[in-house]
1. Kindly indicate whether any position in the range 21-37 is among the hydroxyl-bearing types (Ser, Thr, Tyr) and under 13 Å from Leu92 (Cβ atoms).
2. Within the range 84-98, take every residue that is assigned to a helix (DSSP H, G or I) and in contact (Cβ under 8 Å) with a residue 24 or more places away in the chain and give me the one that is surrounded by the fewest Cβ atoms within 10 Å (Cβ to Cβ).
3. I need the full set of residues from the range 58-71 which are exposed (fewer than 14 other Cβ atoms within 10 Å of the Cβ) and either of a type in the set (Lys, Arg) or farther than 21 Å from Ala39 by Cα (or both), in order please.
4. From the list Met38, Met65, Met105, which one is within 11 Å of the chain's Cα centre (by Cα) and not in a strand (DSSP E or B)?
5. Filtering the range 43-62 down to residues that are within 12 Å of the chain's Cα centre (by Cα) and not aliphatic (A, V, I, L, M), which residue is nearest to Val110 (Cα to Cα)?
6. Ala41 passes all but one of (1) touching a helix residue (DSSP H, G or I) at 6+ places or on another chain (Cβ under 6 Å); (2) aliphatic (A, V, I, L, M); (3) buried (at least 16 other Cβ atoms within 10 Å of the Cβ); which number fails?
7. Is it the case that Ile46 is touching a Leu at 6+ places or on another chain (Cβ under 9 Å) and either surrounded by fewer than 19 Cβ atoms within 10 Å (Cβ to Cβ) or under 14 Å from Thr2 (Cα atoms) (or both)?
8. Only one of His53, His74 is loosely packed, with under 14 Cβ neighbours inside 10 Å and touching an Asp or Glu at 6+ places or on another chain (Cβ under 9 Å); which?
Amino acid sequence: MTVKELSDRFDVQVVAGEKGLNRPIDGGYCGDLLSDVMANAPQRCIWLTVQGHQNVVAIAVLKEMAAIVITGGHKPDPETVEKAGVEGIPILAWEGSAYDLAGRMYAAGVRNSDG
């Protein structure tokens, strides 16, 4: 599944980084503790978080993530949107909980290689 397909399928709003929408998603990661995400998130994953500051883009670039989904109705800071556009990292927004979206993604076949 690509980021665009996920966005369309689950009605997840694209907020930034449109040029990266064709990236393949090879798994997922849920977390808000940035050091944990840096240590454990797999490459090409889609990251579900409530964090909306610029550091999420830096981590997504470092980990070569497919995209970031900001969940729970939280919104990214304007600087974060700008940085994501420059870096080509899609940021999506989901009004519901990370738990709900993760379950839907898992049921649709988005799984990590270890699970």
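1. There is no residue in the range 21-37 that is among the hydroxyl-bearing types (Ser, Thr, Tyr) and under 13 Å from Leu92 (Cβ atoms).
2. Glu87
3. None; the set is empty.
4. Going through Met38, Met65, Met105 in turn, the sole match is Met65.
5. Looking at the filtered set, the residue picked out is Cys45.
6. (1)
7. Judged against the criteria, Ile46 is a match.
8. His53
Here, each number is a calculation from the coordinates, and none is a lab measurement. Everything numeric here is computed off the predicted structure, so don't read it as measured data. Counting neighbours? That spans all protein chains shown, and the Cβs are built from the backbone with ideal geometry, glycine included.
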